[in-house]
Each structure stands twice: as structure tokens, then as C-alpha cells.
Amino acid sequence: MAQTGGSRKVGVKASSLLDGRTLVTGGSGFLGSHLCDKLLAQGREVLCVDNLFTGQKRNVAHLIGHSRFEFLRHDVTMPLFVEVDEIYNLACPASPVHYQHDPVQTTKTSVHGAINMLGLAKRLHAKILQASTSEVYGDPKVHPQTEDYWGHVNPIGPRSCYDEGKRCAETLFFDYHRQHDLKIKVVRIFNTYGPRMHPNDGRVVSNFILQALRGEAITLYGDGGQTRSFCYCDDLLDAMVCMMQTGDDVTGPINIGNPGEFSMRELAEIVLELTGSKSPLEYRPLPADDPKQRRPDITLARQTLGWEPKVQLRDGLKETIAYFRSLIAS
Ligand code: NAD
Ligand code: UDP
């Protein structure tokens, strides 16, 4: 399935031969690897493309040797020539620590990556889904966030490489749709957590769980009063795959997340309770441009996808804690 050159022209007729083949960029990351599992379980062939910047081989190790799975180490800022009939574009570091490590590369991944994947979709007449983010709303002035809100984003701050990169990617998706009639799907993902999160990604869920399990201080940034809404990965993946299967008239953007809203202090208390840890709380300065509150309005997802998140925060955290416990043990 993977090609680095050769036959680059696939017409409409030939593209029907590609039915059942999916490209997942960022496929060895946290969400991408769960997506590969889900698509394989549905009987599709999966090409997982990743440069392993934040992705981990262990996330897809169990798939190596699967007859319908292929891994290709590749950076999406470079053109890619493969044959598939649908593309999920997830390649991009997602945690503030990771995306601020090399901000220029982060913007390139979002923007050049989107151009390359959209160009590929155009050649193949393939459907393409973009993993966008609630960060397109920035530090929102509208709460909860609806898809018609244009956001409140600092264009020159430390988070801008990610926020503006993702906003530009959305622009490219809609321009390809209008200009080239491309079949696009854009989902705006709100904070999602679960097993296979990178242990060093600095995100609040992985940080708090690891700190609690190791008996280290729980690092609360600011006064811990800022809020987030946490979606368990299985719920998110259900919505994402459902979105890909919608008719061509459904483009999004559609918010995907769990509307339950928690302050970081509340999250710390729940993690301490579920782990049985006695870790103390330690207050640290709030990072620049850290959004004060975030909660998705998922009315559109409910109506369009008939989807609803099912996993309560405590249940999802128990699964995630079990994952990190086994990671520490190994
Ligand atoms: P992740 O860091 O685990 O996964 C991202 C993957 O992309 C990694 O495997 C990484 O190696 C790969 N990657 C990065 N740059 C690349 C490049 N130039 N070429 C090829 N591969 C590259 O993060 P995740 O949480 O799984 O996020 C997946 C996608 O979902 C991202 O696009 C992210 O922006 C989006 N998203 C995630 C969340 C969340 O809470 N997890 C929220 C909003 C949006
Ligand atoms: N946060 C925190 N302690 C940590 C890591 C994060 O208090 O150890 C806070 C962070 O300031 C933010 C929230 O938790 O307000 C969510 O942070 P995360 O990096 O997980 O995601 P994002 O800010 O991108 O939503």
C-alpha cells in the first residue's frame, strides 16, 4: 500500500480499487494508535504514518505482523504518495510541552502537513478528516463553546504555533472543499485522555496520575480554578469514526468532547482519591495564555452523529490509572 514514488495518477475508476484502505497520520500517537485498533477491528486495511516525534512504537507494537496493518516512518511536512480511500490527519504534537519544544516544526506540521495530505486526498478522490482542536477557540469569551464562535486566540504567544497552525489547517480544509470539491470532515477535539498517553507529555491528566502514583507533589498551575472538560478516548474515537462515515454534505466543524466541566483542583482531588495517594498539592505559576475555562457545546454532534459520550470521568480515570500503574511496573 505504501509507495514513495511511482504511479502518482489515480483516476476516479482506479480509486474504487482502494476501497477499505485508510491512512492514519500520527498513527502511533495516543489517539492515532487507538484509531488504528478500531479501524482494523472494523475490517479495514490501515496504513499508519508517523515520524515518532511524540508517538511511541509500543503503542502499535501489538499490530506489527497484522496482515492488514502497515507502519511507515514519515514526516507529513514532506509529500507522501500512497493509495488509500480515506485519510485521518492526526499528525501533530498535542500537548503544550511537546508542541512548544520546536514551535516552527509544529506550525509546519499543521500547515505543510495539511497541504500535503489534502493534495493526496485530491489526487485519490479520498475523504479526509482533520483532527482539529478546541484550541481554535483560544481563551474563549463564549462559554460553552459552539462551533460558530470564531475564538479569542493570541497570534504571537507560546501557544500560537499550535492554535494558529490548527486554525490555518481548518482554513485549508475548507478552501480545498470549496475550490476542489474535496470531501472533508473537521472535528474539534476537546481535552481527551486515556491509556497510551505519553508519560512525559506534561498534560494535566498524565502529570497528576504519575505524580500521585509516585508520591510526588501534584503540580497545580495558577490557583487551580481554571476548568477543562475531559473526554475518554473510546468516546472520542467513536465520534471520529462516525464523522468519517457521514454523507458528503457533512463537513463540520463539529465539537467532540465531554461537556462535564471540572476545575484542575477538582481533578487533583479525584485523582488523589482514586489512587489512594497522599501526595501534597503544590501551586506553580500559570503558563502564558492558559485558557481559563473550556467546555464543548456538543448539540451539533448529538444531532449530526447521534453521538453522546458515555464514559464518566471517574471510570475513564480508573482505566488510565491502571495503564500508568502497569507502565511504572514495567
Ligand atoms: P500525540 O502526540 O500522542 O500524537 C500525535 C502523533 O503525531 C504522534 O505519534 C507524533 O509522533 C506524530 N507526529 C507529530 N509530528 C509529525 C510529523 N511532522 N509527521 C508525522 N507524524 C507526526 O497526540 P494525540 O493526543 O494523540 O493527538 C492526536 C491529534 O489529535 C493531534 O493532531 C492533536 O492536535 C489532536 N488533538 C488531541 C487532543 C487531545 O486531548 N488528545 C485535543 C485536541 C486535538
Ligand atoms: N495543568 C496543571 N498542572 C499540570 C499540568 C497542567 O495545573 O501539571 C493545568 C494547565 O495549566 C491547564 C490545564 O491543566 O490549565 C490543562 O492543561 P493541559 O496541558 O492538559 O491541556 P490544555 O491546556 O492544552 O488544555
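Points to keep in mind about this one:
- Residue check, V60 at pLDDT 95 or above, in a helix (DSSP H, G or I), more than 16 Å from ligand 2 (Cβ to nearest atom) and hydrophobic (A, V, I, L, M, F, W, C): yes
- Residue within region 26-41 that is surrounded by fewer than 15 Cβ atoms within 10 Å (Cβ to Cβ), at pLDDT 95 or above and either over 15 Å from the mean Cα position of the chain (by Cα) or not in a loop (DSSP other than H, G, I, E, B) (or both) present: yes
- Residue in region 106-129 that is within 16 Å of ligand 2 (Cβ to nearest atom), closer than 26 Å to F174 by Cβ, in contact (Cβ under 8 Å) with a residue 40 or more places away in the chain and assigned to a loop (DSSP other than H, G, I, E, B) present: no
- Boolean, E147 is of a type in the set (D, E), buried (at least 21 other Cβ atoms within 10 Å of the Cβ) and within 16 Å of ligand 1 (Cβ to nearest atom): no
- Candidate set: region 86-97, residues that are more than 10 Å from ligand 2 (Cβ to nearest atom) and not in a strand (DSSP E or B); chosen: the one farthest from L120 (Cα to Cα): P93
- On the stretch given as region 178-219, residues that are closer than 17 Å to I328 by Cβ, away from ligand 1 (no atom under 15 Å from the Cβ) and not aliphatic (A, V, I, L, M) total 4.
- Matching option when the condition is in a loop (DSSP other than H, G, I, E, B), in contact with a Pro (Cβ under 8 Å, 6 or more places away or on another chain) and either away from ligand 1 (no atom under 11 Å from the Cβ) or of a type in the set (F, W, Y) (or both), among P79, P158: P158
- Some residue of region 98-107 being more than 16 Å from the chain's Cα centre (by Cα), near ligand 1 (Cβ under 10 Å from one of its atoms) and either within 26 Å of L286 (Cα to Cα) or at pLDDT 95 or above (or both): yes
- Per-region count, region 220-234, residues buried (at least 17 other Cβ atoms within 10 Å of the Cβ) and either touching a Lys or Arg at 6+ places or on another chain (Cβ under 6 Å) or small (G, A, S) (or both): 4
- Hits in region 189-222 (condition: more than 10 Å from ligand 2 (Cβ to nearest atom), in a helix (DSSP H, G or I) and among the β-branched types (V, I, T)): I209
- Test: residue in region 165-186 that is touching a Pro at 6+ places or on another chain (Cβ under 8 Å), part of a loop (DSSP other than H, G, I, E, B) and in contact (Cβ under 8 Å) with a residue 40 or more places away in the chain: no
- The criterion of at least 2 residues that are more than 26 Å from A217 (Cβ to Cβ) is met by the following strands (runs of 3 or more DSSP E) wholly inside region 232-330: 254-256.
- Of all residues in region 236-276, those that are in contact with a helix residue (DSSP H, G or I) (Cβ under 9 Å, 6 or more places away or on another chain) and in contact (Cβ under 8 Å) with a residue 24 or more places away in the chain total 28.
- Restricting region 53-88 to residues that are hydrophobic (A, V, I, L, M, F, W, C) and in contact with a Phe, Trp or Tyr (Cβ under 9 Å, 6 or more places away or on another chain) leaves a set whose member that is surrounded by the fewest Cβ atoms within 10 Å (Cβ to Cβ) is I64.
- Condition check for V104: more than 27 Å from Q42 (Cα to Cα) and surrounded by fewer than 18 Cβ atoms within 10 Å (Cβ to Cβ): yes
- Within region 130-144, the set of residues being in contact (Cβ under 8 Å) with a residue 24 or more places away in the chain and surrounded by fewer than 17 Cβ atoms within 10 Å (Cβ to Cβ) comprises just one member, H143.
The values are calculated or read from the model by the stated rules, or taken from the named source; none is laboratory data. What you are looking at is a predicted structure, and each value in this text was computed from that prediction instead of being measured. Here Cβ is always computed from backbone atoms with ideal geometry, including for glycine, and neighbour counts include all displayed protein chains.
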